């Protein structure tokens with residue numbers, strides 16, 4: 001049983017309390033809003049202390065713009081406790097603490113890769129962190145015992161813990177999260193003034209590229225502003241790459257010969273192949289090449305259920321699954337990814353059961 | 001029964017022959033390679049004529065770089081036949097025909113939005129066009145009877161036919177297909193030199209944004225080069241938008257105050273919201289806001305089947321479905337999108353059946 005004090009009872013703080021209380025940890029709660037704190041308590045995230053508390057670990061789960069201030073306050077209030085925070089950008093918090101001359105021995109920043117599209121205590125879930133990565137960002141000043149305690153608590157909450165230097169973490173999320181978000185948003189923004197007939201040609205590729213373009217502008221403004229230097233660096237490199245492609249397209253627009261221009265285009269797509277191949281697949285393992293079995297699904301309730309029931313009977317494990325919808329047609333196209341050795345058998349068995357295979 | 005002559009027996013030509021022969025059309029085949037033509041014949045895509053043929057419609061299904069040449073040849077060889085082509089970019093073909101002084105009365109360009117990651121006659125499928133959009137791009141010179149004939153044949157092949165002006169088509173596919181491809185490729189390319197610990201933080205957002213980055217560089221070089229002016233225009237606008245974001249991030253990197261910079265970021269994400277909302281949902285209908293029910297799936301064969309069987313029993317229709325995998329965890333996260341009115345009932349019914357809901 002660990003004594004954990006949570007400052008900030010929004011989505012993350014409340015969810016962390018709920019997760020730790022599953023295991024019997026003593027969780028105390030604090031929020032600048034007494035109403036929010038009481039709500040989190042009522043939801044079962046922990047208790048509101050009557051007097052002073054003596055936590056082993058203080059978790060600062062406030063909005064990013066007050067995180068450093070709250071971390072510094074927690075280090076002063078509890079002179080022997082470990083302190084962590086959950087902000088999604090780490091360098092800015094650390095810089096502010098250093099600028100204030102804070103002793104960083106008992107501080108270990110962290111970032112659970114968990115969230116929801118809704119916020120507030122009422123959206124808290126005891127399983128929010130289950131199976132999610134939780135990155136710890138200790139510095140050379142951080143006491144190893146503090147790292148060990150934050151690791152233990154993050155694992156108790158259900159997360160897979162890894163460790164990165166703060167600037168390494170910020171550069172990583174710039175490349176794998178913040179710049180992809182901007183690219184998706186601005187590709188989608190190009191559709192804003194397109195006419196309906198043009199937008200009607202959208203296929204699954206566009207839907208995939210722009211799915212996260214539906215994200216909340218307020219939240220993302222905070223995230224991007226908090227990681228501005230790292231995002232700028234990756235985005236500048238992306239803009240440079242796109243600029244080279246624009247130049248090549250410009251040459252091809254004025255001369256069909258345009259020596260070298262096709263090479264620039266081919267290298268851009270090939271570099272994307274190489275980068276894409278590095279993305280971990282299922283379970284964080286090395287990327288696996290799956291084989292896709294495509295099945296036409298009549299648009300009637302229960303048809304997908306029938307497909308999955310048939311696949312379960314056939315005994316094939318589904319690695320990935322996508323559902324695509326044809327334009328104006330009364331059926332969809334299910335893409336079932338399986339290990340290559342299982343594909344032919346699955347296709348035959350599905351055809352035997354009357355499914356129409358496609359492609 | 002329509003007499004259709006197909007020039008070029010690759011994936012599209014062979015698939016079209018297979019599709020039309022389902023309905024008893026008289027399909028004759030031609031390819032610069034006698035081996036390829038004989039293979040398509042052997043696969044059932046049509047017959048190889050002994051002597052002259054008298055087609056009502058000639059379909060040019062060659063690689064894009066010889067399309068205009070073959071269309072002009074077909075118009076000369078068959079002075080009363082209609083001629084179409086299947087190239088994915090229409091303006092370049094038309095320009096080349098006009099430059100050669102071709103009479104365009106009997107020509108109607110077209111673009112079936114169908115393809116596979118494999119090419120050649122052997123990859124041909126009779127259902128390749130089923131449920132796919134097939135865009136016709138007639139000009140003011142095109143005889144309406146020619147448009148009617150191409151429409152009828154495209155519908156016979158299973159497609160949903162729409163009509164756009166050629167330059168309108170090319171601008172549309174630049175925005176909904178070609179620029180998204182470049183953005184996905186170049187976002188993925190930024191991962192190429194990232195270390196493993198950083199790439200390990202990749203989540204479903206990045207996977208979605210970069211899925212099509214696995215596409216073939218050779219094919220995409222042809223497509224992009226063939227639509228260079230339209231792609232350049234959309235890409236230039238995207239680069240300008242990204243440049244404004246880089247400037248805002250630059251200001252935020254040097255001053256945490258940076259008046260106006262946060263507004264630029266918020267407007268970029270909000271414009272993405274607006275563009276994303278325009279993408280047609282299922283069946284080409286107006287976009288629908290679905291509610292997502294998230295279910296934890298143990299990583300054992302048959303679990304997805306059990307989920308879908310349960311959903312079928314509950315009677316809820318699934319609108320969209322995604323499977324996400326946690327990092328290093330023995331389970332996945334299924335995202336089941338349903339109409340909002342059905343979400344709460346589905347969630348309760350699944351929980352009753354022992355499913356762990358998430359978020």
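Write out, first by first residue and then by second, each pair whose Cβ atoms fall under 7 Å of each other, whose residues are 6+ apart or on separate chains, and whose first residue, in region B:197-212, is touching a residue at least 40 places away in the same chain (Cβ under 8 Å) and within 7 Å of another protein chain (Cβ to nearest Cβ) while the second is surrounded by fewer than 19 Cβ atoms within 10 Å (Cβ to Cβ) and assigned to a helix (DSSP H, G or I).
That search, which allows pairs on different chains as well, returns B:200/A:284.
Find the helices (runs of 4 or more DSSP H) located wholly in region A:10-100 whose residues include 2 or more that are touching a residue at least 12 places away in the same chain (Cβ under 8 Å) and touching a strand residue (DSSP E or B) at 6+ places or on another chain (Cβ under 6 Å), and list them.
A:11-21, A:34-42, A:67-77
Looking at B:35, B:84, B:14, can you tell me which residue is in the same structural domain as residue B:131 (by TED's automatic domain parsing), over 23 Å from residue B:142 (Cα atoms) and modelled with pLDDT of 95 or more?
The match here is B:14.
Sort through A:63, A:55, A:34, A:79 and tell me the only one that's touching a helix residue (DSSP H, G or I) at 6+ places or on another chain (Cβ under 8 Å) and either closer than 29 Å to residue B:255 by Cα or away from chain B (no Cβ under 13 Å) (or both).
Among A:63, A:55, A:34, A:79, only A:63 is touching a helix residue (DSSP H, G or I) at 6+ places or on another chain (Cβ under 8 Å) and either closer than 29 Å to residue B:255 by Cα or away from chain B (no Cβ under 13 Å) (or both).
Working only within region B:156-166, note down all residues that are within 18 Å of the chain's Cα centre (by Cα) and assigned to a helix (DSSP H, G or I).
If the condition is that a residue be within 18 Å of the chain's Cα centre (by Cα) and assigned to a helix (DSSP H, G or I), then B:166 is the only one that fits.
Which numbered condition in (1) in contact with a helix residue (DSSP H, G or I) (Cβ under 8 Å, 6 or more places away or on another chain); (2) more than 7 Å from chain A (Cβ to nearest Cβ); (3) modelled with pLDDT under 95 is the only one that residue B:125 fails?
The failed condition is (2).
Within region A:38-67, how many residues are modelled with pLDDT under 95 and closer than 21 Å to residue A:108 by Cβ?
6
Quickly run through region A:46-68 and pick out the residues that are under 13 Å from residue A:3 (Cα atoms) and crowded, with 20+ Cβ neighbours inside 10 Å.
Scanning region A:46-68 gives A:46, A:55, A:57, A:58, A:59.
Tell me, yes or no, whether region B:132-152 has at least one residue that is under 13 Å from the mean Cα position of the chain (by Cα), outside any strand (DSSP E or B) and over 27 Å from residue A:175 (Cα atoms).
Among the residues of region B:132-152, at least one is under 13 Å from the mean Cα position of the chain (by Cα), outside any strand (DSSP E or B) and over 27 Å from residue A:175 (Cα atoms), which makes the answer yes.
Being closer than 17 Å to residue B:67 by Cβ and crowded, with 22+ Cβ neighbours inside 10 Å is the filter here; which residues of region B:31-44 pass it?
B:31, the sole residue that qualifies.
Name the single residue, out of those in region A:101-117 being over 20 Å from the mean Cα position of the chain (by Cα) and in a loop (DSSP other than H, G, I, E, B), that is farthest from residue A:13 (Cα to Cα).
Across region A:101-117, the extreme among qualifying residues is A:101.
Go through B:3, B:76 for me and flag whichever is at pLDDT 95 or above and farther than 16 Å from residue B:150 by Cβ.
B:76
Only residues that are within 26 Å of residue B:233 (Cβ to Cβ) and crowded, with 19+ Cβ neighbours inside 10 Å: list them for region B:138-161, please.
Matches in region B:138-161: B:138, B:142.
Within region A:253-275, count every residue that is touching a helix residue (DSSP H, G or I) at 6+ places or on another chain (Cβ under 7 Å) and within 19 Å of residue B:174 (Cα to Cα).
Of the residues in region A:253-275, 9 are touching a helix residue (DSSP H, G or I) at 6+ places or on another chain (Cβ under 7 Å) and within 19 Å of residue B:174 (Cα to Cα).
Hand me the list of helices (runs of 4 or more DSSP H) wholly inside region B:176-273 holding 3 or more residues that are surrounded by 18 or more Cβ atoms within 10 Å (Cβ to Cβ) and not assigned by TED's automatic domain parsing to the domain that holds residue B:88.
B:179-189, B:204-210, B:217-226, B:228-254
Any chance region B:201-213 includes a residue that's modelled with pLDDT of 95 or more and closer than 28 Å to residue A:257 by Cα?
no
The values are calculated or read from the model by the stated rules, or taken from the named source; none is laboratory data. All values reported here derive from a predicted model rather than from experimental measurement. Note that each Cβ is placed from the backbone with ideal geometry, even for glycine, and that neighbours are counted across all protein chains shown.
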